[in-house]
1. Per residue, how much accessible surface does region 128-193 expose to a 1.4 Å probe? Answer in Å², no decimals.
2. How large are Rg and Dmax for region 65-114 when calculated on the C-alpha trace, in angstrom?
3. Would you please classify the overall shape of region 292-341 from the alpha carbon gyration tensor, given that a ≥ b ≥ c denote the square roots of the eigenvalues, rounded means a/c under 1.5, and beyond that prolate means a/b larger than b/c while oblate covers the rest?
4. Simple spin-label model, 7 Å along Cα-to-Cβ: Glu205 to Phe348 in nm?
5. Give the calculated FRET efficiency between Asp185 and Glu355 to the nearest 0.05, with a Förster radius of 56 Å applied to their Cβ-Cβ distance.
6. How long is the gain from Glu122 to Asn318 if the chain were fully straight, where each residue apart is worth 0.36 nm and the alpha carbon distance is subtracted?
7. Rank-order 271-282, 148-159, 164-175 by packing density, defined as the average count of other C-beta atoms within 10 Å over each peptide's residues, highest first.
8. Taking 0.36 nm per intervening residue step and subtracting the Cα-Cα distance, what contour gain separates Gln55 from Leu287 on full extension?
Amino acid sequence: MLFSNTTYIMACQSCSTSDGGAPKGCKNNGTCGTDSCNKLTVFDWLSNMSLPNGQTPFDCVEVRFKNGRKEFYRNVEKITLSIGDIVATEASPGHDIGIVTLTGELVKIQMKKKAVDHNSKEIAKIYRKASQKDIDIWSAARDKEEPMKVKARELAITHKLEMKISDIEFQGDGSKATFYYTSNDRVDFRLLIKDFARVFNNRIEMKQVGLRQEASRLGGIGSCGRELCCSTWLTDFRSVNTSAARYQQLSLNPQKLAGQCGKLKCCLNYELDTYLDALKDFPDFDLKLKTDKGDALCQKQDIFKGLMWYAYTDNFANWHVLKIEQVKEIVAQNKLNKNASSLEDYAFEIVVEVEKDFNNAMGQESLTRFDQPKKSKNRNKNKNKITSSNSNQKTNQEQNIIPQPKKTPIIIKKNENKE
């Protein structure tokens, strides 16, 4: 993923930029050393407001780790923290290094949203602000993750385990490495962990994540051209059914409806409520209309324009367009055991708007205008030879022409005086 330099500076307050404009330590072209490039950021709209007199600030802060993993920690030492500070937090064993993403009263709202009791004694605490030595150990551990991931996948293949190791996260002090993997079935990786501990010489922890969680951790660009919602702002993953596509009248094409995780796109739920509210005014799609010419079935409906297309059961090729009010009128007659005369009496004619054809006055609308082959120099030379030979022939012809003398008219004078 490529971003502009301003995005890096705004999102990553803790890392500076190098001469080329990329953040220092950025080796993945879009994921800086702290991994805080536009990942589940929260705007603190209470940052410019001061607390009332006598009120103590909220003692919990939100700390972010690699790939959007966020935890809440208690500021026991009452250290003055702001967004972007690198802190050392409590972990088992040792300590972890993370970045403060939210402070103040908004943390209380976030904890309530995620069902975390801020009065609980199980909330870990913040030790201190990270020193330069802590940051060096942390960055050195982060540099080991990519080569470890390649080696771990090779070991998983040798053990013939049906699992995919998607990501590795080191603890801030480098004492533990967490392996995130996905699999369809339960995997017995006891022998694999022994090989990991022997090869990597480190404490190993395995965590299974779903396909949606894997996509949120890795990130990427969706078919809409923007970053994935799950890796930028979406935190709760609701189930998405194919009925959501049917209500929105989308073609059930798995290649278009599936996201990078292989599941149905989360954005199918965004406008589903609006479609369901609009469909409340529509008659049932499977309801038959009884007329004197026969029964009619609905073939298509337009939610935005409020139109429905019906066809007789004996002639499905001929469709008739009806408005919702007209369909409801026919349904009301059918409930009274009365048949409508015909669909033609209620048919609504759609006026087709003429599409405006905008032509370029300069004649540059052709997409292949730059694909014309260039004229070669040899052709120009041949043309020059031909023109020069033609000119020589003309001169030769002009030289061969003998100019004829002009004929002088002979004037005969008659003598007027006769002798």
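The values are calculated or read from the model by the stated rules, or taken from the named source; none is laboratory data. From a predicted model like this one, the values you see are computed outputs, not experimental measurements. Positions of Cβ are backbone-derived with ideal geometry, glycine not excepted, and every protein chain shown enters the neighbour counts. Accessible surface is based on the protein model in full, side chains and every heavy atom, while ligands, DNA and RNA are left aside. Shrake-Rupley method; radii C 1.70, N 1.55, O 1.52, S 1.80 Å.
1. On the way: 3770 Å² over 66 residues.
Averaged over the residues of region 128-193, the accessible area is 57 Å².
2. Every Cα atom of region 65-114 included, Rg and Dmax give 11.2, 30 Å.
3. On the way: a/c = 2.73, a/b = 1.15, b/c = 2.38.
Because a/c hits 1.5 or more and a/b fails to exceed b/c, region 292-341 counts as oblate.
4. My value for the distance between the label points is 6.0 nm.
5. On the way: r = 54 Å, r/R0 = 0.96.
Plugging the Cβ-Cβ distance into 1/(1 + (r/R0)^6) gives 0.55.
6. Details: separation 196, 0.36 × 196 = 70.56 nm, distance 6.93 nm.
Contour length minus Cα-Cα distance gives 63.6 nm.
7. Highest to lowest by the protection proxy: 164-175, 148-159, 271-282.
8. Working: separation 232, 0.36 × 232 = 83.52 nm, distance 6.35 nm.
Additional length available on full extension: 77.2 nm.
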